[in-house]
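Below: the structure, in structure tokens.
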Amino acid sequence: MAEGEGPSSPFEIEFGLIFWTWLVFIGLFFALKKFAWPAILQATEERERRIADQLEEAERMNAEAKAALEEHKKLVANAHEQAQSLVAEAKSIAEKERQSLLEKARSEQEQLVAGAKREIQAERDRAVAELRKEAVELSLAAASKLIEENLDDKVNRKLVQGYLSSLDN
């Protein structure tokens with residue numbers, strides 16, 4: 001083989017090339033092992049720690065979110081109970097107010113009815129007294145025409161009123 005020429009076949013073995021390839025590989029391996037691997041391992045471990053921290057933070061936040069959700073549910077349930085209580089209380093107050101107004105209206109109605117009955121009784125008594133007075137005067141007029149003699153007015157009235165009182169009983 002001539003100098004400067006490469007192998008004539010890809011399957012041909014050249015020991016010089018193999019030696020230098022191995023020498024460069026071993027040198028590069030030790031250089032990488034001494035300088036690159038520590039930095040690569042440190043970066044990998046740092047990344048691992050960051051991922052672990054992020055997972056812990058995510059779990060902590062998830063637990064906080066669950067706790068907040070439970071607290072929110074309790075608050076909503078409490079608010080719902082308070083709203084129900086307020087509605088029930090408002091209904092109770094409204095019912096009491098309704099009963100109070102109805103009782104007041106009944107009382108006023110009874111007072112009006114009692115007042116009207118008193119007025120009716122007073123009017124009736126006045127009308128009966130007026131009728132008696134008229135009856136006395138008519139009776140006296142009729143009696144004086146019959147007798148044609150004028151008796152004492154007081155005595156006549158007393159007689160007629162006594163007679164009318166006896167009729168009431």
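The values are calculated or read from the model by the stated rules, or taken from the named source; none is laboratory data. Quick caveat, the model's predicted, so the values are computed rather than measured. So basically every Cβ, Gly included, is an ideal-geometry build from the backbone, and we count neighbours across all protein chains shown.
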Would you pick out the residues in region 131-150 that are at pLDDT 80 or above and exposed (fewer than 11 other Cβ atoms within 10 Å of the Cβ)? GLU134
Test GLN42 against the criterion of being assigned to a helix (DSSP H, G or I) and under 60 Å from the mean Cα position of the chain (by Cα), and give yes or no. no
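Conditions tested, residue by residue: (1) assigned to a helix (DSSP H, G or I); (2) surrounded by 10 or more Cβ atoms within 10 Å (Cβ to Cβ); (3) aromatic (Phe, Trp, Tyr).
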residue: TRP22; (1), (2), (3): yes, yes, yes
residue: LYS34; (1), (2), (3): yes, no, no
residue: LEU75; (1), (2), (3): yes, yes, no
residue: ALA90; (1), (2), (3): yes, yes, no
residue: VAL128; (1), (2), (3): yes, yes, no
Scanning region 83-138 residue by residue, the ones that are more than 30 Å from ASP153 (Cβ to Cβ) and among the charged types (D, E, K, R) total 14
Does ALA67 qualify as being among the aliphatic types (A, V, I, L, M) and within 49 Å of the chain's Cα centre (by Cα)? yes
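For region 7-20, how many residues meet the condition of being surrounded by 10 or more Cβ atoms within 10 Å (Cβ to Cβ) and among the charged types (D, E, K, R)? Can you show your working first?
Taking region 7-20 and keeping what is surrounded by 10 or more Cβ atoms within 10 Å (Cβ to Cβ), we get 7, 14, 17-20.
Cutting the leftovers down to among the charged types (D, E, K, R) gives us 14.
Residues in region 7-20 being surrounded by 10 or more Cβ atoms within 10 Å (Cβ to Cβ) and among the charged types (D, E, K, R): 1 in total.
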